[in-house]
Amino acid sequence: MRIFSGIRPTGDIHLGNYLGAIKQWVDLQNQAEPIFCVVDMHAVTTPYDPKKLQGQVFELAIDYLAAGLDPDKCILFVQSHVKEHCELAWLLGTVTPMGELKRMTQFKDKSKQHPEYVNAGLFNYPVLMAADILLYKTDAVPIGKDQEQHVELTRAICRYFNNQFGPTLKEPKSMVPEAGAKIMSLTEPDKKMSKTGNPKGCIGVFEEPESIAKKIASAVTDTGREIKFDVKRKPGIANLLTINSLASQKPIEQLEAEFSGKSYSEFKKATAQALIDYLEPLRKKRKELLTREVYVNDILRKGASKSQTIASQTMREVKSAMGLEK
Ligand code: TYM
């Protein structure tokens, strides 16, 4: 089974990226044929600093390795190093209805966030994502809940293509984790945790322990006293229970029992500690990797070469099906 996924190099990865996506990747790398990508071509669709981009790409590759991706078990590369991504995106754009792109939640959200920067690249973003996935004849795409809509569109684009030009591409499915698919902001527990929201609501995977403890201590909860998993009535507590459960590897029911009759502040302290302990090995590994530039660049170079072998074969099939090549 081939899996493909990626993250935009737009700043430090947060707990949502880790629990929604990367944790699954690490778990899957022993059973699947995994390809993981730093999607830099997607990062240039919203305002960014060109002087910082190379550094952000490198740091995200380090984050992947620090989080547990093993270059002997998976292919790890940078999207812009394999030119076939953009080539396929152009061709897939010719079978993608504009109406479908207009419906995309991420396009609507980002257009609102940056009304001065609503470019055609942002509009076509999901077509490039479809190209990323379809280029590798991917079976499954491990992602958080917010990206499911894009994978649904990828499936539709795949069908449009195959109906028009004959069976060429493979229809992938989403892989969303049972717990952690949508980690919420600590300050606004009705919104997903994100790099662009209130920084106090977002915990970086490699953040200093003191800062993690502070953010959890001031997380928005409710005026009640009960530590119960109830997403509708107690979204803040439910979010903290999810985080604690994933970090401590204790089922939510066990945590509810353990903290029955205890205060929110006791529960928050324990949650912060569980999370700090859980992330500590990742933080250590990242520090060590930061000094190993040659090693990391070598992994990315080899990864691009392996990806390109697969990508160029698919491009031959696509171009031949479309009558662009013999
Ligand atoms: P991006 O960079 O926004 O997010 C990367 C991954 O993190 C997940 N995620 C979350 N999961 C749980 N809770 C949250 N609060 C949370 N926030 C983010 C996302 O679902 C995602 O899995 N378009 C993609 C990047 C992409 C891609 C691809 C993904 C480009 N090409 C091909 C898969 C396959 C994106 O913007 O993800």
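Annotations for the structure displayed:
- Every residue from region 1-12 that is within 9 Å of the ligand (Cβ to nearest atom) and small (Gly, Ala, Ser): SER5, GLY6
- Here LEU15, LEU65 are screened, and the one residue that is farther than 19 Å from LYS110 by Cβ, within 13 Å of the ligand (Cβ to nearest atom) and surrounded by 18 or more Cβ atoms within 10 Å (Cβ to Cβ) is LEU15.
- In the set ALA311, ALA321, ALA219, ALA304, only one residue is closer than 30 Å to GLY166 by Cα and touching a Gly at 6+ places or on another chain (Cβ under 9 Å); that residue is ALA321.
- Of residues in region 74-121 being under 27 Å from LYS170 (Cα atoms) and of a type in the set (Lys, Arg), the one surrounded by the fewest Cβ atoms within 10 Å (Cβ to Cβ): LYS102
- Going through (1) within 14 Å of the ligand (Cβ to nearest atom); (2) farther than 16 Å from SER5 by Cβ one by one, VAL95 falls short only on (1).
- Qualifying residue in region 26-33 (condition: on the phi < 0 side of the Ramachandran plot, near the ligand (Cβ under 10 Å from one of its atoms) and of a type in the set (A, V, I, L, M, F, W, C)): no
- In region 18-43, residue surrounded by the most Cβ atoms within 10 Å (Cβ to Cβ) [restricted to those that are of a type in the set (Phe, Trp, Tyr) and touching a residue at least 60 places away in the same chain (Cβ under 8 Å)]: TYR18
- Every condition in (1) surrounded by 14 or more Cβ atoms within 10 Å (Cβ to Cβ); (2) away from the ligand (no atom under 13 Å from the Cβ); (3) over 16 Å from TYR18 (Cβ atoms); (4) of a type outside the set (Val, Ile, Thr) is met by GLU207 except one, and the failing one is (3).
- Residue count, region 149-181 (criterion: in contact with an Asp or Glu (Cβ under 7 Å, 6 or more places away or on another chain), more than 20 Å from TYR125 (Cα to Cα) and within 11 Å of the ligand (Cβ to nearest atom)): 1
- For region 133-140, the count of residues that are polar (S, T, N, Q), farther than 18 Å from LYS319 by Cβ, touching a Phe, Trp or Tyr at 6+ places or on another chain (Cβ under 6 Å) and touching a residue at least 12 places away in the same chain (Cβ under 8 Å) is at least one.
- Any hit, region 223-230, residues being over 30 Å from GLN56 (Cβ atoms) and among the β-branched types (Val, Ile, Thr): yes
- When residues of region 34-53 are limited to those that are under 17 Å from the mean Cα position of the chain (by Cα) and closer than 18 Å to THR196 by Cα, the one farthest from the ligand (Cβ to nearest atom): VAL44
- Count of region 135-144 residues, restricted to those that are out of contact with any helix residue (DSSP H, G or I) (no Cβ under 7 Å at 6 or more places or on another chain) and either within 9 Å of the ligand (Cβ to nearest atom) or outside any loop (DSSP other than H, G, I, E, B) (or both), is 2.
Residue by residue, here is whether (1) surrounded by 15 or more Cβ atoms within 10 Å (Cβ to Cβ); (2) modelled with pLDDT of 95 or more holds:
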position	(1), (2)
PRO189	yes, yes
GLY197	yes, no
ILE203	yes, yes
ALA213	yes, yes
VAL220	yes, yes
ARG225	no, no
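- Being touching an Asp or Glu at 6+ places or on another chain (Cβ under 9 Å), crowded, with 19+ Cβ neighbours inside 10 Å, in contact (Cβ under 8 Å) with a residue 24 or more places away in the chain and not hydroxyl-bearing (Ser, Thr, Tyr) is a property that does not hold for PHE229.
The values are calculated or read from the model by the stated rules, or taken from the named source; none is laboratory data. Note that the structure is predicted; figures quoted are calculated from it, not measured. When we count neighbours, we look across all protein chains shown, and the Cβ atoms used for this are built from the backbone with ideal geometry, even at glycine.
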